[in-house]
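Participant: Dumping the structure here so I can ask a few things about it.
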Amino acid sequence: MSPDLAIVLTAGLVATACGLLGPFLVLRRVALMGDAVSHAVLPGIVATWLVLETRAPLPVIVGAAIFAILCVLGIEWLTSTGLVRSDAAIGLVFPALFSLGVLGIQRFAANVHIDLDATIYGEIAFTPFRVVDVLGTEVPRAIVIVGAVALANLGLVAALWKELKVTSFDPEFARTIRIPPRLLSRLVLVAVAITAVTAFESVGAILVVTMLIVPAATAYLLTDRLVVMVVATVGLGWLAAGTGYAGALAWDASVAGAMGLVAAACFVLALVVSPRYGLLARSLRRRRRQRELARELAALEG
Amino acid sequence: MGWLIDLLPLSYPDAVVVCGAVALGVAAGVLGALAVVRQRSLVGDALAHSALPGIAIAFLVTGVKDATGLLAGAAIAGLIGAVVMVAIEHTSRIRPDAAIGVVLSSFFSLGIVLLTAIGHRDNANQAGLESYLFGQAAGLLERDVEVMTLVALVAIGIVALAFRPLKATLFDPSFSGATGLPVRLLEVASTALLVVAVVIGIRAVGAILMVAMLVVPTAAARQLTSRLSVMLVLAGLVGAVVGVAGALLAGAAEVPTGPVIVLVGAAVVLVAVLAAPGRGVLWRARRLARARRRLLVEGVLLDLETALHAGPPPTPRELADLAGRPARLVARALRELDRAGQLVREGDRVRLTEPGAAAAHSLLDQRRLWAVWLEHGWQLRLVDAREPDPRDLRGSLGDEAVARLEALAVAAR
């Protein structure tokens, strides 16, 4: 597999894994969950070092995932009390966990080099060089890991489609037909936590955070149908991955950064030209209404 | 500022940290409240991330790592990020959380791309540009404290002078726009102050502390009051107290200040959420438990009254089977009735005392009256719209209304 193909494929799989969950985060107004998780994993890495004295990928991922899940469930609990809104809950939980991690490093591991960049945040440009052997062929490890996560997310979303849909739009109605909204929302959040942690290790934090939010927000501007939104989110993610990589090669720039910029450009484009919710469409509609009104007034007077 | 720092009975570095923590806490508390109320709690996070391209551009323009230039770049980029965020919210169906997320990801991506571009220019001077903003807290300098104090004072001034329009803008932007209030101006002024506070804050104490300090004071203060004016004052106070407590604790334990302040703040919010009078999780749990127990005791009382009508005094076992209640709960209710003197035990059988029977009858009467109200209340033309209390219909509607209600019930029968 050529390095270019490996990188685009990895980014596309990240876009798929994140794009399947992102729409639900945007609809549930917790778009920043990915960013929260990216900070909350630090104590997990420190704890893994303290308990197992290792910085090997697998134990670190498990330790990080435990704290990622703690983080999302803590946010979910705080929100469910009804005393704190979800955005404030996010802003309370992840700084606390991150601070715990910083103190842990200071106290127990000051002489060991532990930080997020070195231990868990991978760099997408290096994915072609870290390979594993699958059925006799060498495949980049990131493709295997992120591919498995994307497949698991696809299974989750397909199996619980109707439940996820009803709890995202109308949790009260869901409760009356015996679909527990809190259980579903916990499931989505745990899936986000696991997806984020495994993807961080392959491609770094900012690409995952971007892929969870920006394509989903773009798709939200384009459609009112959930199934279209999810498909469009994944598609936009792939578009950002492919075009972003081409751009990164052309400008000789950071791969993750270029992909993020392409995703952002798509968002701006949708903001302006979306057929129903875009700025252009809305100003045209307003213009037309004003003209109609003027015509009616003229007819009344004349 | 110097005189205040000298006045405190602390060593110079400690005094600077304590003064800085107070100023930061008050500024972040008051400004954060305005963001949290509008569900933009994480605006600090977005501003911290969007400072990166500003720093990169400032470096590209000036070519040196000069603190003032980089901070100015960060502030300008933060302001642009904030304006873009508000514009996305105003012009589309995107909600605050997603708008913040989009700004955060796009600006940070741009920052990374710019940093790689700087790296390729083979400029040895650029090393560590990123950690200039996101590195460990550099510690507060006296100048930071002065600027932060100024920000806090201006924030308090704006909020005090423009309290009423601000309140209207926070809770109903379209109404305040329609009444001609300068909605945009207020929003821009408070956002600009927030940007200044965040940019100084992330340089001095770290991005994560700034994110937390914007949310913690309001999240705690909101549990204690439902009035915006009280909440703003409380948020400022909580911010100052959390800042000082964290700074002193960190000084005593000789660990970094920022994380300790965050953890103290998180603990304060947790306590507030659990135990806020009349609102906290524990209070609600206690209220629920009391209501459940009262319903149980009343139910068992009526069961016993029914059983005594039908035959000989029942055993607790028979009483439990009668209504299908768990025997354990029935035993608990009987103990409570016993304590209230409404019950006598004859061997293993129970019967009601005189007061017990009276209590059962009044309860039955109360429930009957409520049923009548639900059925015929609409025919009762009351002079005002009173919401009656199910447990005291007579008290809340008055004797005359209840008499008419009874007449309606008789007529219907």
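Participant: Output ³J(HN,Hα) for the stretch A:88-95: one whole-Hz value per residue in order, computed from phi by the Karplus curve 6.51 cos²θ - 1.76 cosθ + 1.60 with θ = phi - 60°, and x for Gly and Pro.
Facilitator: 5, 4, 4, x, 8, 6, 6, x
Participant: A further question follows. Given contacts defined as C-alpha pairs under 8 Å and at least six residues apart, what's the relative contact order of chain B, whole-number percent?
Facilitator: 18
Participant: Over all residues in B:206-216, what is the mean tally of Cβ atoms on other chains that come within 10 Å of each residue's Cβ?
Facilitator: The shielding value for this peptide is 5.
Participant: Let me ask another. Is the shape of the stretch B:179-306 best called rounded, prolate or oblate, per the rule: a/c under 1.5 gives rounded, else a/b larger than b/c gives prolate, else oblate, with a ≥ b ≥ c the square roots of the Cα gyration tensor eigenvalues?
Facilitator: It comes out oblate by the Cα gyration axes.
Participant: Would you mind pulling out the separation of the Cα centroids of the stretch B:53-123 and the stretch B:23-45, in Å?
Facilitator: 20
Participant: Whole Å is fine, so just give me how far the alpha carbon centre of the stretch A:228-302 lies from that of the stretch A:50-83.
Facilitator: Result: 36 Å between the Cα centres.
Participant: Next up: Once you've got the GNM for chain B with C-alpha springs shorter than 10 Å, pick whichever of B:T306, B:T218, B:T149 has the biggest mean-square fluctuation.
Facilitator: Of the options given, B:T306 has the highest mean-square fluctuation.
Participant: When the dipole is taken about the Cα centre of the stretch B:140-191, and only Lys, Arg (+1) and Asp, Glu (-1) are charged at their Cβ, what size is it in debye, to the nearest 20?
Facilitator: Using only the charged Cβ atoms, the result is roughly 240 debye.
Participant: Another question about this same structure. Dipole size in debye (nearest 20) for chain B around its Cα centre, Lys and Arg Cβ +1, Asp and Glu Cβ -1?
Facilitator: It comes to approximately 1020 debye.
Participant: Please list 3J(HN,Hα) in residue order for the stretch B:168-174, calculated via the Karplus relation 6.51 cos²θ - 1.76 cosθ + 1.60 where θ = phi - 60°; whole Hz, with x for glycine and proline.
Facilitator: Running phi through 6.51 cos²θ - 1.76 cosθ + 1.60 with θ = phi - 60° gives 4, 5, 5, 8, 8, x, 6 Hz.
Participant: Ranked by Cβ crowding within 10 angstrom, fewest neighbours first, how are B:T179, B:T191 ordered?
Facilitator: B:T179, B:T191
Participant: With a point put 7 Å past each Cα toward its Cβ, work out how far B:T68 is from A:F173 in nm, to one decimal.
Facilitator: So the two model labels end up 6.1 nm from each other.
Participant: Charges on Cβ only, +1 for Lys and Arg, -1 for Asp and Glu, centred on the Cα centroid of the stretch A:1-156; of A:G101, A:V60, A:A11, which one is farthest towards the dipole's positive end?
Facilitator: The residue sitting most towards the positive pole is A:G101.
Participant: Once phi is turned into θ = phi - 60°, what whole-Hz ³J(HN,Hα) does the Karplus curve with 6.51, -1.76 and 1.60 give for every residue of the stretch B:70-75, x standing for Gly and Pro?
Facilitator: Each residue of the stretch B:70-75 in turn: 5, 5, 4, x, 4, 5 Hz.
Participant: Under unit Cβ charges (Lys, Arg +1; Asp, Glu -1), what dipole magnitude, rounded to 20 debye, does the protein assembly as shown have relative to its Cα centre?
Facilitator: 2100
Participant: Could you name the aspartates and glutamates whose alpha carbon sits less than 14 Å from that of B:K167, not counting residues in the same chain fewer than 8 places away?
Facilitator: B:E187
Participant: With n ≥ 4 as the cut-off for DSSP H runs, can you work out [θ] at 222 nm for the protein assembly as shown, using -39500 (n - 2.57) per run divided by the number of residues, rounded to the nearest 500?
Facilitator: Result for the protein assembly as shown: -26000 deg cm²/dmol, rounded to the nearest 500.
Participant: Could I ask something else about it? Which one, B:G111, B:L237, B:S174, projects farthest toward the positive side of the charge dipole computed for the protein assembly as shown from Cβ point charges (K/R +1, D/E -1)?
Facilitator: Checked the options; the winner is B:S174.
Participant: Give me A:M33, A:M1, A:M211, B:M148 ranked fewest to most by other Cβ atoms within 10 Å of their Cβ, as a rough exposure proxy.
Facilitator: Fewest to most other Cβ atoms nearby, the residues stand as A:M1, B:M148, A:M33, A:M211.
Participant: Specify which residue in the list B:I208, B:T257, B:V300 is farthest towards the positive end of the charge dipole of chain B, using unit charges on the beta carbon of Lys, Arg (+1) and Asp, Glu (-1), about the Cα centre.
Facilitator: B:V300
Participant: Arrange A:I90, B:I80 by Cβ neighbour counts within 10 Å, fewest through most, would you?
Facilitator: Taking fewest neighbouring Cβ atoms as first place, the list is B:I80, A:I90.
Participant: Please list, ordered by chain and number, the residues whose modelled amide H lies under 5 Å from the amide H of B:L343; skip anything fewer than 5 residues away on the same chain.
Facilitator: B:T353
Participant: Out of residues 5 or more away from A:V132 or on other chains, whose amide H comes under 5 Å of its own, with H placed 1.01 Å from N in the peptide plane?
Facilitator: Excluding prolines and chain starts, which carry no amide H, the hits are A:V139, A:R141.
Participant: Here's a follow-up. Inside 10 Å of the C-beta atoms of B:269-276, what's the mean count of C-beta atoms belonging to other chains?
Facilitator: The mean count of partner-chain Cβ atoms within 10 Å per residue comes to 3.
Participant: Which value, in Å³ per residue, describes the convex hull spanned by the Cα atoms of chain A?
Facilitator: Measuring per residue, one finds 178 Å³ for the Cα hull of chain A.
Participant: Compare B:G251, B:G395, B:G278 in a GNM of chain B, Cα atoms joined below 10 Å, and give the one with the largest fluctuation.
Facilitator: Most flexible of the set in this elastic network: B:G395.
Participant: Can you list residues from other chains, or at least 5 along the same chain, whose modelled amide H is less than 5 Å from the amide H of B:T225?
Facilitator: none
None of the figures in this text is laboratory data; all of them are computed from the coordinates on show. The structure presented is a predicted model; accordingly, all values stated were derived computationally and were not measured. Cβ atoms come from the backbone with ideal geometry, glycine included; neighbour counts cover every protein chain shown.
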